[in-house]
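A.B. asks: Take this structure first; my questions come after.
The values are calculated or read from the model by the stated rules, or taken from the named source; none is laboratory data. All figures in this text were calculated on a predicted structure; none of them were measured in a lab. When we count neighbours, we look across all protein chains shown, and the Cβ atoms used for this are built from the backbone with ideal geometry, even at glycine.
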Amino acid sequence: MSKYILTVGLEIHAELKTKTKMFCDSPNDTEEETPNVNICPVCMGYPGTLPVVNKEAVRQVLRLGVAVGGKLADYTEFDRKNYFYPDIPKGYQISQYKFPLVSGGKLRGVDITRVHLEEDTAKSTHDMEGASLLDFNRAGVPLMELVTEPVIHDTLTAVTFAKELQLILKYLNASNANMEKGEMRVEANISLAEKGKRGTKVEVKNLNSFKAVEKAIEYEIKRQSELLEKGEEIKQETRGWDENREVTFSQRSKEESHDYRYFPDPDLPKLHISQISEFSIKELKESLPLLPEEKREYYKDIGIKSEDAEVYIRNQKLGKFFEEAANGESKEFGKLISNYIVSDLLNYLNEGENKISISPLSFKNLLLMTHKGELSSRATKDILKTMITEGGEARDIAERLKLFQTSDGDALKSVVLKVISENGKAVNEYKSGNINSLQFLIGQAMKNFRGANPVAVKEILKKQLDK
């Protein structure tokens, strides 16, 4: 076991789904591919322009605050964060410093420091010849920033927290939070120190996947451990993440808050949240859907395995499909539906788009036939495949392909008696206490009677053997 203690705090940015940008009426369109078309004098920082606060962006951050149990600000204001980068057209970024919209809260056991609003920067692209190109379509897009307390002491907790936050943002319809598209970005503040001592914080940027978060933390554990073992000093700095080499690299010395010369933006009004009716706690709570943790409790209560529940929680379309198909039915039937969704239906989604080509009712009708013993498991799978690839209803397909199981007692009894007479050794072994022999005899009966209901076969077979 390492003698060093890992401490991690996360800073997570997510672009919000609003029609317009944070302080102007330029479109907020993440799908726009033509550079520099969703821009205007305000988001480009032209002299004499005045920003206006996007009310919906404020509302979405407050909803998130309620979802994580944070304290909503009564008074809040926007500040100018001054630094000079090519992707900041004004020479400063409008953010929040002393008075964030949300303070505190907790998610998956991790304490949250604050959640605030700011504007995003332009997108930088670097070509093979060393030139940098700027697309200002993203400049000014509403950006939520969530900061955790430095209370994370293992990689799994850090990744789990980030995944859960992404889920909540999607459930709230506040952000698509697609990391591959840069709609959600994670920065990790990582330090290593002996017990009782304080480590030096290193900030790692450019983490655009959960795997990158995991690998970057693991790399920093190794890098900082080696430096400490040599007695060398760990520098407080900002490091980037090299996806190809899977290493962090130094970018610049870490700035302190005073380096940004924060001051209240004189062009934006102060906000008193409690005076805005749409931002009342009551209205915000009523706007929330069932959140992932509440969904977990719901699925647990109806007997769904935790692994299956996670599938439904992460794929809301599939979760809705399950809930509609299982609606009004018993727990036992709900489990049957869930087993076939996760083990069979999901395979067809993985092969193509996340699109379900059959209705929940049609799927339910298929499984009702299975539940009643009309169809074997193999027949159910075959019918499901036909329903998805060719269309049609389960009963019609079963009749056309002659897939119904029979429970005809007289017909099955004659087959069972034939099997008993031809397999004397297995019969004697069963009567001597070898239960496995029963399964062998059932298998022989099923071979002799295609489409026989195995449950009915077992009942008749046991009745004959136990005479």
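A.B. asks: Regarding segment 23-38, can at least one residue be identified that is closer than 25 Å to Y262 by Cα and acidic (D, E)?
C.D. replies: no
A.B. asks: Which residues, taken from segment 38-52, are more than 30 Å from the chain's Cα centre (by Cα) and within 14 Å of V141 (Cβ to Cβ)?
C.D. replies: Those that are more than 30 Å from the chain's Cα centre (by Cα) and within 14 Å of V141 (Cβ to Cβ): I39, C40, V42, C43, M44, P51.
A.B. asks: Return yes or no: is I304 crowded, with 16+ Cβ neighbours inside 10 Å, touching a residue at least 60 places away in the same chain (Cβ under 8 Å) and closer than 30 Å to E332 by Cα?
C.D. replies: Answer is no for this residue.
A.B. asks: Is it the case that some residue within segment 58-73 is touching a Ser or Thr at 6+ places or on another chain (Cβ under 7 Å) and modelled with pLDDT under 95?
C.D. replies: No, segment 58-73 contains no residue that is touching a Ser or Thr at 6+ places or on another chain (Cβ under 7 Å) and modelled with pLDDT under 95.
A.B. asks: Working only within segment 102-132, note down all residues that are at positive phi and in contact (Cβ under 8 Å) with a residue 12 or more places away in the chain.
C.D. replies: Hits for segment 102-132 are G104, G105, R108, G109.
A.B. asks: Looking at segment 338-349, can you tell me whether even one residue there is under 30 Å from the mean Cα position of the chain (by Cα), among the charged types (D, E, K, R) and at pLDDT below 90?
C.D. replies: no
A.B. asks: Would you confirm, using the coordinates I've provided, whether K317 is among the basic types (K, R), exposed (fewer than 15 other Cβ atoms within 10 Å of the Cβ) and not assigned by TED's automatic domain parsing to the domain that holds T160?
C.D. replies: In short, yes.
A.B. asks: Let me ask another. Report, ordered by the first and then the second residue, all pairs with beta carbons closer than 9 Å, sequence separation of six or more or different chains, a first member in segment 257-270 that is of a type in the set (A, V, I, L, M), and a second member that is surrounded by fewer than 13 Cβ atoms within 10 Å (Cβ to Cβ).
C.D. replies: Every condition considered, the pairs that remain are L268/L50.
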